[in-house]
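> I have a structure I would like to understand better, so I am pasting it below and will then ask my questions one at a time.
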Amino acid sequence: MTLGQVVKQYLYMNGIRNDFFSDYIGCDPSTCTRWIKGERKLNAEQLLKVHDFLAGKHIKPVTEIMKEE
């Protein structure tokens, strides 16, 4: 399984929109879609953010959400 396939499955299984993912890693949504399909490559910074995303670093704790309001 490629990293793009893992991301696709992760997004699907967790109900996460592609737009949220692409915004998090700093990638144009269409570029991210093509990367997931294996048609494009991401830069090193974006790949690090992909790994952070899969590690759950995109999840905000309740305390952070409360501060934002």
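> Looking at the range 12-42, which of its residues are open to solvent by less than 60 Å² (accessible area, probe 1.4 Å), closer than 22 Å to Ile59 by Cβ and among the hydroxyl-bearing types (Ser, Thr, Tyr)?
Ser22
> Would you be able to tell me the number of residues in the range 43-69 that are open to solvent by less than 100 Å² (accessible area, probe 1.4 Å), of a type outside the set (Gly, Ala, Ser) and closer than 15 Å to Leu11 by Cβ?
Selection size over the range 43-69: 6.
> Which helices (runs of 4 or more DSSP H) sit wholly inside the chain and have at least 3 residues that are of a type in the set (D, E, K, R)? First the steps, then the outcome.
Details: elements: 3-14, 18-25, 29-36, 44-54, 62-68.
Hits in the chain: 44-54, 62-68.
The values are calculated or read from the model by the stated rules, or taken from the named source; none is laboratory data. A quick note: this is a predicted structure, and the numbers were derived from the prediction, not measured. With ideal geometry, Cβ positions are generated from the backbone for all residues, glycine too; neighbour counts draw on all protein chains shown. Note: accessible area is taken over every heavy atom of the protein model, side chains too, but ligands, DNA and RNA are not part of it. Shrake-Rupley method; radii C 1.70, N 1.55, O 1.52, S 1.80 Å.
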